[in-house]
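Below is one structure, written out as structure tokens, with a few remarks after it.
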Amino acid sequence: MFNNSKMQSLESVPIELTSYIASFLEAQDLLTFGSTSRTMYGLSCSSTLWRQLCQRRWSEEFESVVQIQNDFGSEESFWKSHYIQKHLLALQSTLLWTQISLTQSSLGGIKPSPRYAHSGTVYDNKIVYIGGQMAQKNRFNDFYFYDTNTGHFTQPKIKGTPPNISKHTTMEIDGTFYMFGGYDGISQRFELSAFDPIKRQWYVPITTGASPLSRSNHASAVVGKKMYIFGGLLQQELELVDSNDMHVLDTTSMVWSKPTATGDVPEPRCGHKMVTIDGKIYLFGGGNGDNWANKFNDLHVFDPATNHWTKPATSGVLVDATTFASVWNVGRFLFVFGGGRITHRGSVSNEVFAYDTVTSRWSKQEMTGKGPTERDDCTTNVVGDVVYMMHGYNSGPIDEFWSIKMSPAFYRSVHGREAVRSTIKESSSPVLTLSPSLRKMKRKICQMTMSPFQWRNSSNKS
């Protein structure tokens, strides 16, 4: 322990020597060291010290890391946050499965019917679910709004005439939803449409430039005010063809463009997913060929600033997921749930994998609670500290609503603030409570993710 007299002696030591002494401390000791004074707290946040801690604890992952990738925040906080997040993700208690009740009484008297291949888009703490299908020729044109604050669904009247549609994508940019592609299951394939969630208005916007061909099972992502579309299934004459073209819609000018991509361009595919992390687009999975002759569990990264694709040399566990997996990110970590397995063709998964974009390493994510059944083609949306998963497919449409709740410490380590509380109305399934030892561990983790001054204040609250 550091008492006041020892601290006064330590503060009289040259800062270079103090830094050298601190470099031998482990994470918890460094945090204790930093809690003794403001001067020592500043030293304990040193990017160099926390990077060294990362390299010591995860030496196999960090031995080939030459430079910082995907820096979320200042240089000083990057490695400390990364250490804490990696530490927390190694704990089973960080991510908690909870099944949300789908009884109409708990949801406000209305709920979506079982479906898959729909879209879910977040706006103003609400998730808007659009379309989807129950069977090949039974597709929907309905819009459901789920309020994460109240836990209720509503089904407002929509202006315009949206089509029966599934296998499309919907992205939100500046309060407007941009839907692209999709199929009605009979004869009609769709291009671009738009939706105003405030006015409840569906419409077809006017665009210029070389618009992409209609497609389904493609992927979309947003960088700034631009929507990027990659791959998917195209109909050329009488054949369905897998594609690997990239198209961009600039929503400020409503002009389409087709960048000339360089590098390791992913081979043609559909059923893949894309997310944006620190201005770059990460593409995971998919497949191509008749009867899914080829399935992929690979990862590609597209840099919109250079229009260049790279394929990271990943390490870690085998990611047993390919087509129609759910993909999302929290901070610099990318997560994959479900999807078609690569180890057992014809079956789907209910496992969660995490990808560290700094070290390019995959791991199987430990979870608390009993998780959902195996599935693919469900929607995944992050609102605050909760990941919401709606419905999906496994030999038929699934009628289940699930969530993954992040621990307060993990959310705080990513966002630097507390989460706004959401309403999760649980099903009648048993809820796993924390044991005394896990509660004690939770308290220690909470201390790790706060500054000593935040911790002291929070400790006084009942």
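The strands (runs of 3 or more DSSP E) found entirely in region 73-135 that carry 1 or more residues being β-branched (Val, Ile, Thr) and either within 28 Å of Ile165 (Cβ to Cβ) or modelled with pLDDT of 95 or more (or both) are 95-100, 119-123, 126-130.
Residues in region 136-160 that are in a strand (DSSP E or B), more than 15 Å from Trp202 (Cα to Cα) and among the hydroxyl-bearing types (Ser, Thr, Tyr) were compared, and the one that is nearest to the chain's Cα centre (by Cα) is Tyr146. Checking the stated criteria, Ser403 turns out to be in the same structural domain as Thr103 (by TED's automatic domain parsing), under 26 Å from Val122 (Cα atoms), part of a strand (DSSP E or B) and small (Gly, Ala, Ser). Please verify whether Val319 is under 26 Å from Met246 (Cβ atoms), more than 14 Å from the chain's Cα centre (by Cα), in contact (Cβ under 8 Å) with a residue 60 or more places away in the chain and part of a loop (DSSP other than H, G, I, E, B), treating the condition exactly as stated. Judged against the criteria, Val319 is not a match. From the list Arg345, Arg341, the lone residue that is free of Cβ contacts under 8 Å to residues at least 40 places away in the same chain and more than 25 Å from Tyr123 (Cβ to Cβ) is Arg341. Each residue in region 266-289 was checked for being surrounded by 23 or more Cβ atoms within 10 Å (Cβ to Cβ), under 16 Å from Tyr228 (Cα atoms) and touching a Lys or Arg at 6+ places or on another chain (Cβ under 7 Å), and 1 of them qualify.
Yes or no, residue by residue, for (1) polar (S, T, N, Q); (2) surrounded by fewer than 21 Cβ atoms within 10 Å (Cβ to Cβ); (3) on the phi > 0 side of the Ramachandran plot:
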position	(1), (2), (3)
Leu96	no, yes, no
Gln104	yes, yes, no
Ser113	yes, yes, no
Ile130	no, no, no
Asn138	yes, yes, no
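Taken over region 273-286, the residue count meeting the criterion of being touching a Ser or Thr at 6+ places or on another chain (Cβ under 8 Å) and within 17 Å of Thr169 (Cβ to Cβ) is 5. Take the residues of region 335-391 that are surrounded by fewer than 21 Cβ atoms within 10 Å (Cβ to Cβ) and acidic (Asp, Glu): which is modelled with the lowest pLDDT? Checking each candidate, the answer is Glu366. Taking every residue in region 243-260 that is assigned to a loop (DSSP other than H, G, I, E, B) and pairing it with any residue that is hydroxyl-bearing (Ser, Thr, Tyr) and surrounded by fewer than 19 Cβ atoms within 10 Å (Cβ to Cβ), at least 6 positions away or on another chain, the pairs with Cβ-Cβ distances below 7 Å are Met254/Thr207; Met254/Thr208.
Taken over region 221-265, residues that are acidic (Asp, Glu) and buried (at least 18 other Cβ atoms within 10 Å of the Cβ) amount to 2. Annotation for region 424-439: no member residue is at pLDDT 70 or above, under 28 Å from Ala135 (Cα atoms) and assigned to a loop (DSSP other than H, G, I, E, B). Check region 180-201 and report whether any residue there is touching a residue at least 40 places away in the same chain (Cβ under 8 Å), outside any strand (DSSP E or B), within 22 Å of Ile281 (Cα to Cα) and touching a Gly at 6+ places or on another chain (Cβ under 8 Å). Yes, that holds for at least one residue. Within region 46-66, can one find any residue that is among the hydrophobic types (A, V, I, L, M, F, W, C) and modelled with pLDDT under 80? Looking through region 46-66, at least one residue is among the hydrophobic types (A, V, I, L, M, F, W, C) and modelled with pLDDT under 80.
The values are calculated or read from the model by the stated rules, or taken from the named source; none is laboratory data. The structure presented is a predicted model; accordingly, all values stated were derived computationally and were not measured. Glycine gets a Cβ as well: all are built from the backbone with ideal geometry, and neighbour counts include every protein chain shown.
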